[in-house]
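Report on the structure given below.
The values are calculated or read from the model by the stated rules, or taken from the named source; none is laboratory data. Nothing here was measured: the structure is a model prediction, and the numbers come from that model. As a convention, Cβ positions derive from the backbone with ideal geometry for all residues, glycine included, and neighbour counts pool all protein chains shown. Keep in mind that these areas ignore ligands, DNA and RNA; they rest on the heavy atoms of the full protein, side chains included. Shrake-Rupley method; radii C 1.70, N 1.55, O 1.52, S 1.80 Å.
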Amino acid sequence: MLLLNDIDWLASLLWLIVTVTIYFGALHLYKVARPLWFIQPVLHPLIVSTLLIILLQALANTSVSEYQSYTNLLSALLGPATVALAVPLYKQFSILMKMSWRVLVPISVAGVLSPALSWTCLYLLDTPLNLQMTILVKSITTPLAMDAAGAIGGIPSLAAVFVIITGIVGATCGPALFMLIGVHNQAAQGTALGAVSHALGTARAISIGEQCTAFATLALCINGIATSLILPILFG
Amino acid sequence: MIKLNQFLTGLFFLSVLFFAAKHWLLQLDINIPPALLGIAVLFFSLVLMKSVPKVISNAASSLLAHMSLFFIPAIVAIVNFTDLIVAFPVALFFSIVVSTLISLAITGWLSQQLMHRFDITNVSSDKQPKPPSKGN
């Protein structure tokens, strides 16, 4: 954002407008597609926008790193937006306090289960060790995951990709999955989304309701801190 | 116009919180994500103030409603790893997609069992199950 003088600010403005327009277009498409519930998850705005932008980049001969520096302003808003999660957390705090261990137990289960399952798949299917180490951080938020992956012999940039795909899977399929297995409780949905699919799952929880968001935020914070503290002790 | 002003003021406060947290953690060489410290500081400030100032709640709700948008530049970097994804498609599919779905299902189910027995009237005060209203 501060480097605007160094890069072509016109291209920056153009890519920002393109990205925001595509995002809102994709959001509209997603809402319109609600009657087609069986294919709606695939039309998630993140999937549609990402694919369109990758296509446009290829057409415009713009590399990913160039695109990222042009759209720095959007990434810069991620920090303040994450801080804003304190608001739903505060509004729902009395319910969270009443839940105490009833919310901490599922978060801990998710924190162990999710990396353990992923690691088992990679181990059984005989993949390289650095891949196995990287997958352990998949359920925690990107900045934490990258640091933790580096500390245990994984690949930080690859960790970011695993984390984001995990987030997209949770955000797109989560709500349909909950409906399928009969999890209607907003607080339970939020806990699962935040603990397993970190910030992207929490972004999805926001569209479900305030209570869902509060539990997702709590799960995101607790699992993120615990996982990034425990992994380096176990494997560092 | 008043709304835009309020949004920008709120955004300013949230940004100051985030970038101050980032700066401090860097100075003190503490390895925790700045956003988590920001959440903690804002949360305890709200507890002290006992209510959410209008500028903060306005900015927070608009930012949170479109949080997915801010992830797009990071997600696009997936194209850098296509080689790897092509090399281990089955292993990655199971370890990322399938294991995420199983973990979500088990965590969601377990949470509902524990919370349901606790006090369903309190927990489900928001009309549920409510269909998702936004696409992020």
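Here are a few things to note about the model shown:
- All conditions but one from (1) in contact (Cβ under 8 Å) with a residue 12 or more places away in the chain; (2) open to solvent by 10 Å² or more (accessible area, probe 1.4 Å); (3) part of a loop (DSSP other than H, G, I, E, B) apply to A:HIS184; the one that does not is (1).
- Filtered residue count, segment A:47-64, keeping only those that are under 18 Å from A:CYS173 (Cβ atoms) and without any contact (Cβ under 8 Å) to a residue 12 or more places away in the chain: 2
- Checklist (1) without any contact (Cβ under 8 Å) to a residue 60 or more places away in the chain; (2) within 30 Å of B:THR9 (Cα to Cα); (3) of a type in the set (Phe, Trp, Tyr) applied to A:TRP101, failing item: (2)
- Of the residues A:LEU113, A:LEU122, the single one that is under 16 Å from B:PHE94 (Cα atoms), modelled with pLDDT of 85 or more, surrounded by fewer than 24 Cβ atoms within 10 Å (Cβ to Cβ) and within 7 Å of another protein chain (Cβ to nearest Cβ) is A:LEU113.
- Counting residues in segment B:17-37 that are among the β-branched types (Val, Ile, Thr), open to solvent by 70 Å² or more (accessible area, probe 1.4 Å) and at pLDDT below 90 gives one or more.
- Within segment A:48-72, tally of residues that are under 19 Å from the mean Cα position of the chain (by Cα), more than 9 Å from chain B (Cβ to nearest Cβ) and buried (at least 17 other Cβ atoms within 10 Å of the Cβ): 1
- Of the residues making up segment B:47-101, those that are among the β-branched types (Val, Ile, Thr), without any contact (Cβ under 8 Å) to a residue 40 or more places away in the chain and either at the interface with another protein chain (Cβ under 8 Å from one of its Cβ atoms) or over 24 Å from A:SER63 (Cα atoms) (or both) are B:VAL47, B:VAL52, B:ILE72, B:ILE75, B:VAL76, B:ILE78, B:VAL79, B:VAL90, B:ILE96, B:VAL97, B:VAL98, B:THR100.
- Top-ranked residue of segment A:144-159 - restricted to ones that are surrounded by fewer than 22 Cβ atoms within 10 Å (Cβ to Cβ) and at the interface with chain B (Cβ under 7 Å from one of its Cβ atoms), ranked as nearest to B:ALA74 (Cα to Cα): A:LEU158
Listed here are the residues, each with its yes/no results for (1) modelled with pLDDT of 90 or more; (2) in a helix (DSSP H, G or I); (3) charged (D, E, K, R).
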| site | (1), (2), (3) |
| --- | --- |
| A:ILE22 | yes, yes, no |
| A:TYR30 | no, yes, no |
| A:PHE38 | no, no, no |
| A:ILE47 | no, yes, no |
| A:SER69 | no, yes, no |
| A:PRO106 | yes, yes, no |
| A:VAL109 | yes, yes, no |
| A:SER118 | yes, yes, no |
| A:ASP126 | no, no, yes |
